[in-house]
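What follows is one structure encoded as structure tokens, with my remarks underneath.
Rule-based calculations on the coordinates, nothing more; no lab input. Only a predicted model underlies this, so the values are computations on that prediction, with no experimental measurement involved. Backbone-built Cβ (ideal geometry, glycine too); neighbour counts: all protein chains shown.
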Amino acid sequence: MILSCFIIDDEPLALLLLESYVSKTPFLKLTGKFSSAIAALSTVQTNPPDILFMDIQMAELSGMDFARMVPEKSRVIFTTAFQQYALESYKVSALDYLLKPFSYAEFLVAANKAIQWYQLSENSNSEMAKTINGCIFVKADYRLIQVELHRILYIEALKDYLKIYLEGDEQPIVSHITMKAMEDMLPVPQFLRVHRSFIVQTDKIKVVERNRIIFGKAHIPVSDSYKETFQGFLNKLTLI
């Protein structure tokens, strides 16, 4: 697997160093080199790379703000001299955070983390879609976790990841997988998509109120696009 990458930094020496690191890494291919986030903005939208190695403190548009604009397929590795942004970097799903000055060995660790992430994503989208004895495997925190289908209450999509809410668990499982891939792996009519951001398990539906499905304190909206399908499901089970 070869990963395409952009390097973005407003320091010329930092750009040269990143370029030399990329060139000596066999599984990386440099497809863009920019001295500011503004300069990279149009290119990243039309030809998004797999990985962006990017500084944070840059004029006009910071790397942190830019990371919120990149397409879902691209992952970010920050390269910065400022440690205070490390926590915030996880809020934009950064794969790693390299603190300047960093060695090639440190760069390679981050690059390997990126290729492992893509390999795991590729495998999970193709292989984990198979149900085994009423279970599926989902990727979470670089692990594959077995999930029993009968425990799923509902699934919520949030940008480039999903939250899987299980009966009896306070916290959801967070997984980097597309809503379409999840929808394709789940059996119908046991699971039904009721909104672009929600899939529910029909066996767990207890209360429907004003085009909303109630799961405890959670209110799942039924959108106009899926209302007819959901109403058809209800009609088959409703006594009048």
Point to revise | Relative contact order for the chain, counting Cα pairs under 8 Å that sit 6 or more residues apart, in percent | key: 10
Study note, to complete from the structure: Between residue 57 and residue 108, the FRET efficiency computed from the C-beta separation at R0 = 41 Å comes out, to the nearest 0.05, as 0.95
Point to revise | Lys, Arg +1 and Asp, Glu -1 on Cβ, resulting dipole of the chain about Cα centre, debye, nearest 20 | key: 680
Practice item. At a Cα cut-off below 20 Å, give the lysines reachable from residue 204, other chains included and same-chain residues fewer than 8 away excluded. Key: 163, 217, 227, 236
Review point. In whole Å, how far is the Cα centre of the stretch 153-179 from that of the stretch 199-240?
Key: 18
Point to revise | Alpha-carbon spread of the stretch 3-125, three principal axes, descending order, Å | key: 39, 28, 28
Review point. Extension gain residue 24-residue 226, at 0.36 nm per residue separation less the Cα-Cα distance, in nm?
Key: 67.7 nm
Check your understanding: Using only helices, what value at 222 nm comes out for the chain when you add -39,500 (n - 2.57) per DSSP H run of length 4 or more and divide by the total residues, to the nearest 500 deg cm²/dmol?
Key -> -9500 deg cm²/dmol
**Study point:** Per-residue ³J(HN,Hα) for the stretch 174-184, Karplus 6.51 cos²θ - 1.76 cosθ + 1.60, θ = phi - 60°, Hz, x for Gly and Pro
**Key:** 9, 9, 8, 8, 6, 4, 5, 5, 5, 4, 5
**Study point:** For residue 32, residues with placed amide H under 5 Å, excluding near neighbours
**Key:** 5, 7
Point to revise | Selection from 115, 188, 44 lying farthest towards where the dipole of the chain points positive, charges on Cβ | key: 188
Check your understanding: Roughly what % of Cα-Cα distances in the chain sit above 28 Å, to the whole percent?
Key -> 43
Check your understanding: If you average 1/r over every pair of different alpha-carbon atoms in the stretch 22-71 and take one over that average, what Kirkwood value in Å do you get?
Key -> 11.6
Exercise for review: Could you run the Debye sum over the Cα atoms of the stretch 169-240, one equal point scatterer each and no solvent, and tell me log10 of I(q)/I(0) at q = 0.21, 0.26 Å⁻¹, two decimals?
Suggested key: -1.03, -1.46
Exercise for review: Starting from the stretch 1-95, pick out the GluC sites (Glu not before Pro) whose DSSP state is loop and whose Cβ has at most 12 other Cβ atoms within 10 Å.
Suggested key: 60, 72
